[in-house]
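Notes for the one structure printed next.
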Amino acid sequence: MSLDQRRAWAAAAAVPDPEVPCVTVADLGILRWVRMEGPDRAVAGVTPTYSGCPAVLAIELAIEAALREAGFDARIERVMSPAWTTDWITGEGREKLRAYGIAPPVSGSASKMSLFGEVSVACPKCGSQDTEKLSEFGSTACKAHYRCLGCAEPFDYFKCI
Ligand SMILES: [Zn+2]
């Protein structure tokens with residue numbers, strides 16, 4: 001990676017997710033790569049999380065703005081394949097989500113399915129697996145609303161796709 005490319009990556013990677021500002025686009029794994037096209041032109045590859053999620057455009061604009069601010073002529077390339085999954089969220093990103101009070105997604109292989117095919121979601125505050133889903137949609141369409149039966153705290157669960 002050239003110095004410019006590293007600088008461009010750092011600028012783009014620091015952009016917070018507009019819906020969950022405690023994590024960056026790099027934490028979520030939606031910033032795929034940054035490459036240089038000529039000396040001052042940076043192109044960022046972005047994979048949208050949920051198709052139709054209104055945050056996608058906001059994320060792309062924020063990354064473009066961050067690259068411009070760092071002195072680059074910026075372009076965003078939408079990378080549709082392979083499709084984003086919550087497995088791309090980094091370990092650091094999962095820790096940040098938990099610290100923020102959002103249960104990080106249970107990854108495909110690690111998920112424990114209950115009798116009804118629901119993933120068991122651990123409470124981000126006390127770690128209890130004894131939780132119930134209150135509604136399919138939390139504060140945003142990408143999250144479901146849960147309540148912990150252990151500590152009685154409501155929390156958002158970052159839905160798996
Ligand atoms: Zn709890």
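Values quoted throughout were computed directly from the atomic coordinates according to the rules given, and no laboratory measurement underlies them. Computed from a prediction, not measured in an experiment: that's the story for all the values here. For neighbour counting, all protein chains shown are included, and Cβ atoms are generated from backbone atoms with ideal geometry for every residue, glycine included.
Select from Gly45, Thr90, Val15 the residue farthest towards the positive end of the dipole of the chain; place +1 on Cβ of Lys and Arg, -1 on Cβ of Asp and Glu, and compute about the Cα centre.
The one lying farthest along the dipole's positive direction is Thr90.
Relative contact order (percent) for the chain, with alpha-carbon contacts under 8 angstrom and 6 or more residues of separation? Intermediate results must be reported in sequence, preceding the final value.
Details: 295 pairs, mean separation 27.6, N = 161.
17 percent.
Can you compute the helix-only [θ] at 222 nm over the chain? Use -39500 (n - 2.57) per DSSP H run of at least 4 residues, normalise by all residues, nearest 500 deg cm²/dmol.
Calculated from helices alone, the mean residue ellipticity at 222 nm is -7000 deg cm²/dmol.
Calculate the spin-label point distance for Ala58 paired with Ala13, positioning each point 7 Å from the Cα along the beta-carbon direction, and give it in nanometres.
2.4
Charges at C-beta only: +1 for Lys and Arg, -1 for Asp and Glu. How large is the resulting dipole of the chain about its Cα centre, in Debye rounded to 20?
Dipole about the Cα centre, nearest 20: 180 debye.
If I build a Gaussian network model for the chain, linking alpha-carbon pairs within less than 10 angstrom, which residue out of Gly38, Gly91, Gly71 has the largest mean-square fluctuation?
Result: Gly38 has the largest fluctuation of those listed.
If I model a spin label at Gln5 and Cys151 as a point 7 Å from the Cα along the Cα→Cβ vector, what separation in nanometres do I get?
Placing both labels 7 Å along Cα→Cβ, they lie 4.3 nm apart.
State the antiparallel share, in %, of DSSP beta bridges confined to the chain, rounding to the nearest 5. Display every interim value, and only then the final one.
Details: 16 of 24 bridges.
Roughly 65 percent of the beta bridges in the chain run antiparallel, per DSSP.
Between Arg41 and Arg78, how many nm apart are label points set 7 Å from Cα along the C-beta direction?
Here the modelled spin labels are 2.1 nm apart.
Compute from the Cα atoms of the chain the Rg and the Dmax, the latter being the longest Cα-Cα distance, and quote both in angstrom.
17.3, 57
How many times 2.2 N^0.38 Å is the alpha carbon radius of gyration of segment 3-78? Could the numbers behind the result be given before it?
Numbers: Rg = 11.4 Å, N = 76, 2.2 N^0.38 = 11.4 Å.
Output field value: 1.00.
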